Every structure is written in structure tokens, then in C-alpha cells.
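Enquirer: One structure, pasted below without further comment.
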């Protein structure tokens with residue numbers, strides 16, 4: 001009986017409490033900073049992240065669509081396998097960033 005209560009409680013709490021990726025994404029949207037954060041496989045749409053500090057962020061397999069990354073700092077960020085659809089990146093710092101298998105596309109491509 002106790003084991004079933006623990007299992008049910010675990011399932012309920014897993015659905016209620018946000019995971020670390022959700023917390024990191026919320027923090028990024030509120031502060032425009034996410035240095036060394038883990039954003040694996042995150043989906044970001046229609047978001048202005050101009051000037052964001054994403055140094056050394058883990059954005060592997062992330063899906064960014066219609067995101068403004070102008071003047072953002074992605075130095076050392078890992079964008080392996082990321083999909084960047086209609087993402088603007090004017091003056092974006094990418095020094096040391098990993099872009100292996102990343103895909104960038106725009107309207108008309």
C-alpha cells in the first residue's frame with residue numbers, strides 16, 4: 001500500500017514541479033541571461049532575446065523559431081543539432097560555439 005502511494009505521489013509531483021530546463025528557460029525570458037545553463041531540446045518561439053547572455057549555454061537539439069538573437073552572446077554555446085528557423089543573428093557573438101549539424105533556415109529557403 002505504501003509503495004503505491006509513493007509511486008502516485010512521484011507521478012503527481014513530476015507533473016507539477018517544473019524541471020531544470022523549464023526553470024532555465026523562464027529565467028532567460030525574465031532576465032535575458034542564461035550563462036552556463038542547460039536548455040537541451042528546448043522549443044523557443046516568437047521571442048526577443050536580443051542582447052541575451054547565453055555564454056556556454058547547452059542548446060543541443062534546441063528548436064528556435066522566429067527568435068531575435070541580435071547582439072546576443074553565444075560564445076562557447078553548444079548548438080549541436082539545433083534548428084534555427086527564421087532566427088536573426090546580427091552582431092551575435094559565436095566565438096567558440098559548437099554548431100555541428102545545426103540547421104539555420106529562413107523564409108524562402
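Enquirer: Percent relative contact order of the range 34-109, based on C-alpha pairs within less than 8 angstrom and at least six residues apart?
Expert: Once divided by the residue count of the range 34-109, the mean separation gives 26 percent.
Enquirer: Note down the nm distance, to one decimal, between modelled labels 7 Å out along Cα→Cβ at residue 19 and at residue 50.
Expert: For the pair residue 19/residue 50, the computed spacing is 3.3 nm.
Enquirer: Subtracting the Cα-Cα distance from 0.36 nm times the residue separation, let me have the gained length for residue 65 to residue 31 in nm, one decimal. List each step's numbers first, then the result.
Expert: Values: separation 34, 0.36 × 34 = 12.24 nm, distance 1.99 nm.
So the extension gain works out to 10.3 nm.
Enquirer: Moving on to the next point. Just to be sure I understand the model, the point goes 7 Å from the Cα along the line to the Cβ. What's the resulting residue 91 to residue 104 distance in nm?
Expert: 1.7
Enquirer: Stick to the Cα atoms of the range 34-109, pair each with every other, and give me the Kirkwood hydrodynamic radius in Å at one decimal.
Expert: Working: mean 1/r = 0.0846 Å⁻¹.
So the Kirkwood estimate lands at 11.8 Å.
We did not get these values from a lab; they are worked out from the coordinates using the rules stated. Since we're looking at a predicted model, the values are computed, not measured. Note that each Cβ is placed from the backbone with ideal geometry, even for glycine, and that neighbours are counted across all protein chains shown.
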